[in-house]
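None of the figures in this text is laboratory data; all of them are computed from the coordinates on show. Quantities reported herein were computed from a predicted structural model and do not represent experimental measurements. As a convention, Cβ positions derive from the backbone with ideal geometry for all residues, glycine included, and neighbour counts pool all protein chains shown.
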Amino acid sequence: MSEAEFKQILQYIQSANAKPLSYYFILLLATTRLRYSECAGLTWDCINENSIVINKTWDEQYSHDFSNTKNFSSNRTITIDKNTYSTLMELQSVQNAVNPLNLVFCSEQQTPISNNGINKTLKKICQHLNIQTITCHVLRHTHGSVLLYHNLNIKYVSRRLGYKEIVTTLQIYSHVLDELEQTENRKVDAVMEELF
């Protein structure tokens, strides 16, 4: 998905007056690039003004309870911007469901929203915006692509995304890196010209 379409989704969600729980979930996925299970497993004690601590996931398929992260590298603290934090605080202030697990995304059933539910909401948003339908997995990869297109260090991006090996990031985002290589060639030319 293009950065313009990514931005359209964020602006659409942000402009909604009465946001359903799924909108908050999608917004956090888009601005942090968390995996569905990491986002679903977030508890309020993991949210700070400037960061989110990822130290558990939600096992939607088997135990319907908290579980370990995918790998050791998935345990991480990532920064969040002021708008994302503000939106999370908005969610906390309107949350009125009984929440014994202290879940950030607690549904009326006292569990997180299902992955299927999130994807259905994303589909409706994309149809409304007249853009190609995506899943939360695609949204996750778009976040990584946007960071790389804006020249963030690949090692930082890899850690933020929770990959065990930087090689994984290089493989998944090779199309982005190929495009960036084109602009780097021009930068090298400019640097060389300044030396003469």
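Using a simple spin-label model with pseudo-atoms 7 Å out from Cα toward Cβ, Tyr12 and Thr111 lie 2.8 nm apart.
Go ahead and estimate [θ] at 222 nm for the chain from helices alone: -39,500 (n - 2.57) per DSSP H run with n ≥ 4, summed, over the residue count, rounded to 500.
The per-residue figure over the chain is -17500 deg cm²/dmol.
Each of Ile47, Phe105, Ile80 was scored by the projection of its Cα onto the charge dipole of the chain, and the greatest displacement toward the positive side belongs to Phe105; charges sit on the C-beta of Lys, Arg, Asp and Glu. Rounded to two decimals, the Cα radius of gyration of segment 1-72 over 2.2 N^0.38 Å is 1.23. In order along segment 14-30, the phi-based Karplus estimate (6.51 cos²θ - 1.76 cosθ + 1.60, θ = phi - 60°) of 3J(HN,Hα) comes to 5, 7, 5, 6, 9, 7, x, 4, 4, 5, 4, 4, 4, 4, 5, 4, 5 Hz; Gly and Pro are listed as x. Length gained on full extension, Ser73 to Ile172, computed as 0.36 nm times the residue gap minus the Cα-Cα distance: 34.0 nm.
Springs join every pair of Cα atoms under 10 Å in this Gaussian network model of the chain, and among Val157, Val104, Val138 the largest mean-square fluctuation is at Val138. Free of any GluC sites (Glu not before Pro) that DSSP assigns to a loop and that have at most 15 other C-beta atoms within 10 Å, the longest stretch within the chain is 50-107. Looking at segment 3-144, the pairs of alpha carbons with a distance over 17 Å make up 58% of the total. In loop segments of segment 135-187 as defined by DSSP, the trypsin sites (Lys or Arg not before Pro) with at most 14 further C-beta atoms inside 10 Å of their C-beta are Lys164.
Taking a ≥ b ≥ c as the square roots of the eigenvalues of the Cα gyration tensor of segment 85-163, is the shape rounded (a/c under 1.5), prolate (a/b larger than b/c) or oblate? Oblate, because a/c is 1.5 or more while a/b does not exceed b/c. Taken along the Cα-to-beta-carbon direction at a fixed 7 Å, the label points for Ser2 and His128 span 2.1 nm. Apply the a/c threshold of 1.5 to the C-alpha gyration tensor of segment 1-40 and tell me whether it is rounded, prolate or oblate. In terms of gyration-tensor shape, oblate.
Can you pull out the chymotrypsin sites (Phe, Trp or Tyr not before Pro) in segment 1-88 that DSSP calls coil and that have at most 14 other Cβ atoms within 10 Å? When the chymotrypsin sites (Phe, Trp or Tyr not before Pro) of segment 1-88 are filtered for loop state and at most 14 Cβ neighbours within 10 Å, Tyr62 remain. In this structure, Glu49 and Met192 have a Cβ-Cβ separation that, at R0 = 35 Å, corresponds to a calculated FRET efficiency of about 0.20. If only the Cβ of Lys and Arg carry +1 and only the Cβ of Asp and Glu carry -1, the dipole of the chain around its Cα centre is close to 400 debye.
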